[in-house]
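Engineer: Got a structure for you, written out below as structure tokens; questions coming shortly.
Just so you know, all these numbers are worked out from the coordinates, no wet-lab data involved. Bear in mind that the values here come from a model prediction, so they are computed numbers and not experimental data. Cβ sites come from the backbone with ideal geometry, for glycine too, and all protein chains shown count toward neighbours.
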Amino acid sequence: MPLLPDEPAATIIGTGERAGSPEITVVVPCYREADNVRPLVSALEIALAGRDWEVIFVDDNSPDGTIEVIRQLAWANWRVRGISRIGRRGLSSAVIEGALASSARFIAVMDGDLQHDQTRLGTMVDVLAQDRCDIVIGSRHVEGGDNAGLANAWRHALSNGGIRLAQMMLPVHVGDPMSGFFALRRDLFVRTAPCLSGQGFKILMDLILSAPEKVRVEEIPCTFHPRAAGESKLDAVVLLQFVDLILEKLFRGWLPLRFIGFATVGITGVGVNLIVMMLLRFVGMDFGPAQVISTLIAITSNFWLDNKLVYSDRRLRGMGLLGGFLVFLLVSAVGAWANIGIVQLFRAKGEGLGQASAVGAIIGVVWNYAVSSTLIWKT
Ligand code: GDD
Ligand code: MN
């Protein structure tokens, strides 16, 4: 069934005529939130009663059938829209796509797990409508705000560390730069969108850092509730993506960040190779087989790390994990072979071993990266 109620085949139940775009679009990224979307829509109905609003859920093909619940809601209510992404993951990129699908004057972004206080939305939009600021943030770290919903002490510590780091980078003071609850004019979002990284969770920080002009920020106190159902998706990969976002902003435009990640994984591979080699030699294996085994293990660990971290937002190109690994193996072998050839060539020209190896390694990693990015993992 089509998602959008204005498509001719859509069954619109119990709704009146609707012309034009609403004033407010609430963008809600959701992954495995099947039990939360229905209560959220009911809560929005109450919180935004009397206002002209819609909600766009952006789901990444959740295995719990979140999108089916969204469809059912959309059939009955024109205010509910959905975007279903397949083969993609990520909170920030989901928010970007949802916001770009809006034609409203204002965009509000909130989580789909009822942790954000939807009763603050009206005030947030009013602050924007009065042009008191460009981005209004539902903040846990201003007078009257509360962070009760963070699961444990570890999350509190992590969150505080992240806030310090973020504050050092931001051009304006923000008490809660890690908030996932904020609102802004759509035109500002649209103008900033081409510069957003779309990685990880930190869309608000990215927006403030990437906006074409210095933004005026206002924070209004909010309570962060404990999660209603389901579980948090903030994991180690999301944390790395946060570090990634910071590096990307620092190195803006110099080097593709994915390449830096890929090269770093390559360096860990060299370490793995050496350690396994030493262990095998230690237990008495001959140099030849020990070299083959340690190289295979290093390539396997590189593949695993690349898949989990460097290309976590991408899919293996229709060949499954094993197929992808075999191509990776082949590409790495060609890279290693080219590497050795280049080292010998430079040595023959009288260069020192150090320079020759450096050139060989750089050409090897660039080759591996170029082929991996195009042939193995697709966008
Ligand atoms: N489409 C999509 N794709 N949505 C996602 C994905 C994804 O890959 N990952 C998470 N989400 C959705 C969740 O379904 C939820 O609605 C929202 O994004 C927030 O994700 P949670 O997994 O609930 O994150 P959290 O509660 O740990 O983190 C929240 O609090 C942090 C501060 O402590 C978020 O609001 C963060 O942005 C915030 O920094
Ligand atoms: Mn949450």
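Engineer: Using 1/(1 + (r/R0)^6) with R0 = 41 angstrom and r between the beta carbons of residue 259 and residue 225, what's the FRET efficiency to the nearest 0.05? Working shown, then result.
Structural biologist: On the way: r = 40 Å, r/R0 = 0.98.
Efficiency computed from Cβ-Cβ geometry: 0.55.
Engineer: Can you give the alpha-carbon Rg of the chain over 2.2 N^0.38 Å, where N counts its residues?
Structural biologist: Values: Rg = 24.7 Å, N = 379, 2.2 N^0.38 = 21.0 Å.
Computed over Cα atoms of the chain, the ratio equals 1.18.
Engineer: Got a sec? How would 156, 116 order by Cβ neighbour count within 10 Å, fewest to most?
Structural biologist: Values: 156 12, 116 25.
So the residues, fewest neighbours to most, are 156, 116.
Engineer: Using a basic spin-label model with each label point 7 Å from the Cα along Cα→Cβ, how many nm lie between residue 130 and residue 349?
Structural biologist: 6.9 nm
Engineer: Taking amide H positions as placed 1.01 Å from N in the peptide plane, with prolines and chain starts having none, which residues 5 or more places from residue 223, or on another chain, fall under 5 Å of its amide H?
Structural biologist: 117, 146
Engineer: Something else now. Only Cα pairs under 8 Å and at least 6 apart count here; give the relative contact order of region 257-376 as a rounded whole percent.
Structural biologist: Numbers: 81 pairs, mean separation 31.0, N = 120.
It comes to 26 percent, rounded to a whole number.
Engineer: How do 210, 197 rank when sorted from fewest to most other Cβ atoms within 10 Å of their own Cβ? Walk me through the intermediate numbers first.
Structural biologist: On the way: 210 17, 197 20.
Least to most surrounded, the residues fall as 210, 197.
Engineer: Show which lysines lie in cross-link reach of residue 214 when reach means a straight Cα distance below 19 angstrom and same-chain residues fewer than eight apart are skipped.
Structural biologist: By straight Cα distance, residue 214 reaches 202, 249.
Engineer: Quick one: what do you get for region 257-376 if you divide its Cα Rg by 2.2 N^0.38 Å?
Structural biologist: Numbers: Rg = 15.1 Å, N = 120, 2.2 N^0.38 = 13.6 Å.
Ratio of Rg to 2.2 N^0.38 Å for region 257-376: 1.12.
Engineer: I've got another one for you. Using θ = phi - 60° and the Karplus form 6.51 cos²θ - 1.76 cosθ + 1.60, what ³J(HN,Hα) does each residue of region 192-206 get, whole Hz, x for Gly and Pro?
Structural biologist: 8, 3, x, 9, 7, 7, x, 9, x, 9, 8, 5, 5, 4, 4
Engineer: Next question, about the same structure. What list of ³J(HN,Hα) values in whole Hz, one per residue of region 370-377 in order, does the Karplus curve 6.51 cos²θ - 1.76 cosθ + 1.60 (θ = phi - 60°) give from phi, with Gly and Pro shown as x?
Structural biologist: Result, rounded to whole Hz: 4, 6, 4, 5, 9, 8, 9, 10.
Engineer: Right, something else. State the three equivalent ellipsoid semi-axes of region 96-190, derived from the C-alpha gyration tensor as the square roots of 5 times its eigenvalues, in descending order and whole Å. Write out the running numbers ahead of the final one.
Structural biologist: Details: eigenvalues 113, 47, 37 Å².
Working through the eigenvalues yields semi-axes of 24, 15, 14 Å.
Engineer: Tell me, what is the FRET efficiency for residue 35 and residue 308 to the nearest 0.05, using R0 = 35 angstrom and their Cβ-Cβ distance as r?
Structural biologist: According to the calculation, E is roughly 0.80.
Engineer: Return the calculated 222 nm mean residue ellipticity for the chain, to the nearest 500 deg cm²/dmol, obtained by summing -39500 (n - 2.57) across DSSP H runs with n ≥ 4 and dividing by the residue count.
Structural biologist: Details: 12 runs with 181 residues, N = 379.
Helix contribution divided over all residues of the chain: -15500 deg cm²/dmol.
Engineer: If R0 is 45 Å, what FRET efficiency do you get for residue 170 and residue 338 from their C-beta distance, rounded to 0.05?
Structural biologist: Numbers: r = 44 Å, r/R0 = 0.97.
E between residue 170 and residue 338, to the nearest 0.05, is 0.55.
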